[in-house]
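The values are calculated or read from the model by the stated rules, or taken from the named source; none is laboratory data. Please read these numbers as outputs of a predicted model, since none were measured by experiment. Note that we place each Cβ from the backbone using ideal geometry, even for glycine, and neighbour counts take in every protein chain shown.
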Amino acid sequence: MYIRVSEIPGGGLDVFASRGKASILRVLEGMDPAPLRELRLLDADLLLTVEKGDLWIEGSFEARGEGFCDRCSDPVTLRLGKAFQTILTPKSRDRAPAASVELHEEDLDVGYYDGSGVDTNDILWEQVALEIPLKVVCSEACRGICPVCGKNRNLEACSCVAGDAPGPFEILKSLKGKKE
């Protein structure tokens, strides 16, 4: 949804109240949810206000993702969500030379928008992508799959010793022996 800054009233624009809550389900279409298999936005709120040309964005979202555990390969359903705030400044605004600017913690929530407006889907995509975990696990206590016998150690114990598994370079040891 592209929103022109000129369309935002003085009191702010509640994007989903004005555009309809039904549009939330389509916001993440086309987004690559990796390492998750599927990701759906369940709820979102986005309030845009303009102050001296800067676009102030306050929002929150709730999403559900489905994938497979990186340790044991069991199916996993994750709930993602957070509240966020960010400021977008027009790219055309004069900026101080980079050598004379000192960044503070609050400056990390500042971005830029090009032209006369912003795409709200891009804002939500960024916030959702920041919440997607790098590794998907069914639980922090997941013991994974035994590298020797292949059993899921969460379901059944195995008597394998960690040193029993052939390493990925075992074939190289045999080649070295043939050469000598």
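Figure legend. Inter-residue proximity from the stretch 33-46: first residues farther than 21 Å from K135 by Cβ, second residues aromatic (F, W, Y) and part of a strand (DSSP E or B), beta-carbon distance below 6 Å, spacing 6+ or different chains. Indicated pairs: A44/F61. Taken together, D54, D43 contain a single residue that is modelled with pLDDT under 95 and over 15 Å from N121 (Cα atoms), which is D54. The test for being of a type in the set (V, I, T), farther than 19 Å from W125 by Cα and surrounded by 13 or more Cβ atoms within 10 Å (Cβ to Cβ) holds for I8.
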